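The values are calculated or read from the model by the stated rules, or taken from the named source; none is laboratory data. None of these values were measured; they are calculated from a predicted model. Note that each Cβ is placed from the backbone with ideal geometry, even for glycine, and that neighbours are counted across all protein chains shown.
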Amino acid sequence: MNRYKKQIVTVFALGLLLSGCNNTPNQDISTFKDAFAGKFLVGAAINVGQIAGQEPKAIEIVKKQFNSVVAENCMKMENIHPEEEVFIWEEADAFVDFAEKNNMHIVGHTLVWHSQAAPWIFVDDSGEDVSREELIERMKNHIQTIVGRYKGRIDGWDVVNEAIENDGSWRESKWYQIIGPEYVELAFQFAQEADPEAELYYNDFGVSGRSKCDGIYHLVKNLQEKNVKVDGIGLQGHLNFDIPKISEMETSIEKLSSLGVDLMVTEVDMTILPWPSDEVTAEVSLNYELSKEFNPYSGGLPDSVYQQVMDRYTGFFEMFLKHHEKISRVTFWGVHDGNSWRNDWPIEGRTDFPLLFDRNYRMKEGVEDILEMAENWETK
Ligand code: 9MR
C-alpha cells in the first residue's frame, strides 16, 4: 500500500470511528474520492489545456471528484525530452504544481515506451541505430533527469509502458531490439536510483487476455527474482462495449495480485463505437478514415445503449470493489466525453461516450448508483 493510500485509509477509519457508525452509509457522500475512500484512490488523466486553465469546469470536476492525477501527454518523451540536450519542463512542472496545490496523489506517465519516444534517442548522427551501450546511457540520462527533477514529489511512475504483445511475447520495439529484454530491468533500476521512495509501475493494455496476462506475470516475476524494485502493475482499462468480459479482467487481477504487488486499473474508458478492423487493440499507431457507418451516435446516444454502458461500468466497479484489497487505484483516462482520445482514435472526429462525465461537465445519470454501491460496500 503506498504512503498516500495509507494516509487516506487512516483518515477514513478515524472518521468512521469518530462518527461511531461503521455500518451506516453516509447519504451525503457523492463524489468518487469520498465514496471509494478506504478502498482505492480514484484518479483522472488531465491534459495541458486543462492544467493551463483553459477548461475550468473540467478542473472543477477533477478537484471535487478525484484524489489522484496523471498527465495524459506532457511527460512523454517526445514532449518533455524532444532533443538530446533539450528538456521542456513548463507543462510537466505546471502539472505537478497543480496536483501538489490540490493535495493529490501524482502519477508520472511514462518513462520508457515505444510510442511517442523522441526519434533522436535511437539513432546516431548518420541515422544508424546507436549501440546498446549508448542507448542504455541515453535511457539512463532520460529517466534520471526526469525522475530526479520531481524526486519526493511524484508518488509513482509508469516506468515501462506496453512492452508485451497480446500473445505474451516481447514487443519488438527499438528498446528491445537494441538493448534486449534487459532494458526493462535497467529502466526500473535507473528510476529507483533517481528516487528510491517513488513507487515504480509496469503498465500495459489488453491485460485481460490470457496470453498477455501470462507474459506480464512472467516479466514482473523475473524482475522480482532479480531483486529489481517493482511496486505495481497498471492494467489499462481501455474497455470496449462487449470486450473484455468482466470475469476475464477479474481472472487477471487474481493472477497478477499473486505476485504481491499493488494493482492499479489505469486508463479507464469504454468506447461504444464500432471497431473498424478485426484486430481489437489499444495500439496507438492505428488510423482509419471517418465514415457515417463508424460514427453512429453523432446525434446522441439511444437510451438503451446508454443503459447498457452504465450497467457494464457498474459491473466493472462492482468487481473492483470485490478486489479492493488488491487494487490501490482506479484512474479514468480523461475527465469527460468531450476530450477523450477515444473520439479521435482509430478514426479522427467521431463522437464517443467513454467516460462518466458528459460533454456538458455533468456526472452521468446512473453514476450515483456506482457511488452508492461503494459507500455501502462494507454492509453488503
Ligand atoms: O490519450 C493519449 C492521446 O492523447 C495521445 O495522442 C496518444 C498517443 O500516444 O496517447 C494516448 O494515451 C495513451 C497512453 O499514454 C498509453 N496507453 C494508451 C493510451 C491511449 O492511446
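Within segment 330-351, identify whether any single residue is more than 18 Å from the chain's Cα centre (by Cα), among the charged types (D, E, K, R) and crowded, with 19+ Cβ neighbours inside 10 Å, and answer yes or no.
Yes, segment 330-351 contains at least one residue that is more than 18 Å from the chain's Cα centre (by Cα), among the charged types (D, E, K, R) and crowded, with 19+ Cβ neighbours inside 10 Å.
For segment 132-159, which positions are surrounded by 12 or more Cβ atoms within 10 Å (Cβ to Cβ) and over 26 Å from residue 234 (Cα atoms)?
132, 134, 137
Going by the structure shown, is residue 250 at pLDDT 95 or above, over 17 Å from residue 215 (Cβ atoms) and away from the ligand (no atom under 16 Å from the Cβ)?
Criteria met by residue 250.
Considering (1) modelled with pLDDT under 95; (2) more than 16 Å from the ligand (Cβ to nearest atom); (3) in a loop (DSSP other than H, G, I, E, B), say which one residue 293 fails and leave the rest.
(3)
If residue 186 satisfies all but one of (1) touching a Ser or Thr at 6+ places or on another chain (Cβ under 6 Å); (2) surrounded by 17 or more Cβ atoms within 10 Å (Cβ to Cβ); (3) free of Cβ contacts under 8 Å to residues at least 60 places away in the same chain, what's the number of the condition it fails?
Evaluating residue 186 over (1) touching a Ser or Thr at 6+ places or on another chain (Cβ under 6 Å); (2) surrounded by 17 or more Cβ atoms within 10 Å (Cβ to Cβ); (3) free of Cβ contacts under 8 Å to residues at least 60 places away in the same chain leaves (1) as the failure.
Looking only at segment 109-120, decide whether some residue is exposed (fewer than 14 other Cβ atoms within 10 Å of the Cβ) and more than 16 Å from the ligand (Cβ to nearest atom).
There is no residue in segment 109-120 that is exposed (fewer than 14 other Cβ atoms within 10 Å of the Cβ) and more than 16 Å from the ligand (Cβ to nearest atom).
Considering segment 53-87 alone, what residues qualify as being farther than 21 Å from residue 337 by Cβ, within 16 Å of the ligand (Cβ to nearest atom) and either in a loop (DSSP other than H, G, I, E, B) or of a type in the set (Gly, Ala, Ser) (or both)?
Selection gives 74, 75, 76, 81, 82.
Say we look at segment 143-171 and pick out the residues that are of a type in the set (Phe, Trp, Tyr) and not in a loop (DSSP other than H, G, I, E, B); which of these is nearest to residue 90 (Cα to Cα)? Outline the logic, then answer.
Applying the first criterion (of a type in the set (Phe, Trp, Tyr)) to segment 143-171 yields 150, 157, 170.
Those left that are additionally not in a loop (DSSP other than H, G, I, E, B): 157, 170.
Working: 157: 19, 170: 34 Å.
Only one residue tops the list, namely 157.
What number of residues within segment 253-278 are more than 16 Å from the ligand (Cβ to nearest atom), of a type in the set (S, T, N, Q) and touching a Phe, Trp or Tyr at 6+ places or on another chain (Cβ under 9 Å)?
Within segment 253-278, residues that are more than 16 Å from the ligand (Cβ to nearest atom), of a type in the set (S, T, N, Q) and touching a Phe, Trp or Tyr at 6+ places or on another chain (Cβ under 9 Å) number 1.
List the pairs whose first member sits in segment 93-120 and is on the phi > 0 side of the Ramachandran plot, whose second member is modelled with pLDDT of 95 or more, and whose Cβ atoms are under 6 Å apart, counting only residues at least 6 apart or on separate chains?
From residues that are on the phi > 0 side of the Ramachandran plot, the pairs are 116/76; 116/78.
Give segment 36-90 a look and list any residue that's among the small types (Gly, Ala, Ser) and in contact with a Phe, Trp or Tyr (Cβ under 9 Å, 6 or more places away or on another chain), or say none.
Passing the criteria: 37, 38, 43, 44, 45, 58, 68, 71.
Just checking, how many residues over segment 188-239 are among the aromatic types (Phe, Trp, Tyr) and either within 16 Å of the ligand (Cβ to nearest atom) or touching a His at 6+ places or on another chain (Cβ under 7 Å) (or both)?
3
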